[in-house]
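Asks: Pasting in a structure now, in structure tokens, and then I'll have a few things to ask.
Each reported figure results from applying straightforward, stated rules to the coordinates on display, with no laboratory input. Only a predicted model underlies this, so the values are computations on that prediction, with no experimental measurement involved. Positions of Cβ are generated from backbone atoms using ideal geometry, with glycine treated the same way; all protein chains shown enter the neighbour counts.
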Amino acid sequence: MTAMTRAGTPVDVAVLTVSDSRTPETDRSGDTIVDRLTQAGHRLADRKLCKDDFHTIRETIAAWVADSKIEFVIVTGGTGVTQRDVTPDAVRSLFTKPIPGFGELFRWLSYAEIGTSTIQSRADAGVCGDTIVFLLPGSTGACLLGMEKIILPQLDLNHQPCNLVELLPRIKQEHPPGEGAECSLDHVPLPAGPGEPVRSAKDAEYDQWAG
């Protein structure tokens, strides 16, 4: 059975590694994600590596969400609980619909391997406009777990009883009233950073006008 047959139909996926220390040559977690995707027959739409910086992470994901060719995004790194771990904080502000079951299932599966240490992971997922975004921890083992047990099955059109690929056409039609498919920064909260008030570009525009 070929990789393409296993996947059912290929999808376009962008991969982001968030790390202060890794380089393209040492990004084993990103390599693991890309290898598993391509082995399953999916297409790598883009791949980047950035520091643990709130604004850089958010801007990278927002640009991919605005790209109609990218259907899924997988992020690895920055999902812990330290001051530098800001990936969930940056990306959740782009969610139009959270998918809490992803993080719940990931931690349940992870518990079998690392016990109660799994509570330190803030793995998450959500719908951002037309795009579905997954947030995985930075370790290679966690990426392998998330890919093989959750993400790849959900990217397989043949997976039963249901999968995310078959939902994509409906997701692309289900936007809030008055909003299109794009991830408009006018309508999406734009926090200045962790712990600061959630605001949008429209708020800033109004403040400038009112001032």
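Asks: Going by the conditions given, is residue 70 part of a loop (DSSP other than H, G, I, E, B) and crowded, with 17+ Cβ neighbours inside 10 Å?
Replies: yes
Asks: Suppose the filter is closer than 10 Å to residue 18 by Cβ and either under 11 Å from the mean Cα position of the chain (by Cα) or free of Cβ contacts under 8 Å to residues at least 24 places away in the same chain (or both); does residue 57 pass it?
Replies: Values: closer than 10 Å to residue 18 by Cβ: yes; either under 11 Å from the mean Cα position of the chain (by Cα) or free of Cβ contacts under 8 Å to residues at least 24 places away in the same chain (or both): yes.
When the stated conditions are applied, residue 57 passes them.
Asks: Is it fair to say residue 63 is among the small types (Gly, Ala, Ser) and out of contact with any Asp or Glu (no Cβ under 6 Å at 6 or more places or on another chain)?
Replies: yes
Asks: State whether one or more residues within the stretch 47-62 are closer than 24 Å to residue 159 by Cβ and small (Gly, Ala, Ser).
Replies: No, every residue in the stretch 47-62 fails to be closer than 24 Å to residue 159 by Cβ and small (Gly, Ala, Ser).
Asks: In this structure, is residue 82 among the β-branched types (Val, Ile, Thr), surrounded by fewer than 20 Cβ atoms within 10 Å (Cβ to Cβ) and closer than 16 Å to residue 51 by Cα?
Replies: yes
Asks: Going by the structure shown, is residue 119 among the β-branched types (Val, Ile, Thr) and free of Cβ contacts under 8 Å to residues at least 24 places away in the same chain?
Replies: Spelling it out, residue 119 is indeed among the β-branched types (Val, Ile, Thr) and free of Cβ contacts under 8 Å to residues at least 24 places away in the same chain.
Asks: Being in contact (Cβ under 8 Å) with a residue 40 or more places away in the chain, over 27 Å from residue 118 (Cα atoms) and touching a Leu at 6+ places or on another chain (Cβ under 7 Å) is the filter here, so list the residues in the stretch 139-170 that pass it.
Replies: Scanning the stretch 139-170 gives a single hit, 165.
Asks: Filter the stretch 120-163 down to residues that are buried (at least 21 other Cβ atoms within 10 Å of the Cβ), under 12 Å from the mean Cα position of the chain (by Cα) and not small (Gly, Ala, Ser), then give me how many there are.
Replies: 10
Asks: For the stretch 33-51, how many residues are closer than 13 Å to residue 18 by Cα and under 15 Å from the mean Cα position of the chain (by Cα)?
Replies: Here the count works out to 4.
Asks: Scanning for something farther than 13 Å from residue 72 by Cβ, surrounded by 23 or more Cβ atoms within 10 Å (Cβ to Cβ) and of a type in the set (A, V, I, L, M), does the stretch 102-119 turn up at least one residue?
Replies: Within the stretch 102-119, not a single residue is farther than 13 Å from residue 72 by Cβ, surrounded by 23 or more Cβ atoms within 10 Å (Cβ to Cβ) and of a type in the set (A, V, I, L, M).
Asks: Same structure again: Restricting to the stretch 74-93, what's the tally of residues that are over 10 Å from the mean Cα position of the chain (by Cα) and under 12 Å from residue 126 (Cα atoms)?
Replies: First, pick out the residues of the stretch 74-93 that are over 10 Å from the mean Cα position of the chain (by Cα): 77-86, 89-90, 93.
If we keep only those that are under 12 Å from residue 126 (Cα atoms) as well, we get 93.
Here the count works out to 1.
Asks: Give the stretch 88-116 a look and list any residue that's polar (S, T, N, Q) and under 24 Å from residue 167 (Cβ atoms), or say none. Steps first, answer last, please.
Replies: At the first step, the residues of the stretch 88-116 found to be polar (S, T, N, Q) are 93, 96, 110, 116.
Result: 93, 96.
Asks: Next up: Which of the residues belonging to the stretch 96-119 are within 12 Å of the chain's Cα centre (by Cα) and more than 30 Å from residue 170 (Cα to Cα)?
Replies: Hits for the stretch 96-119: nothing passes.
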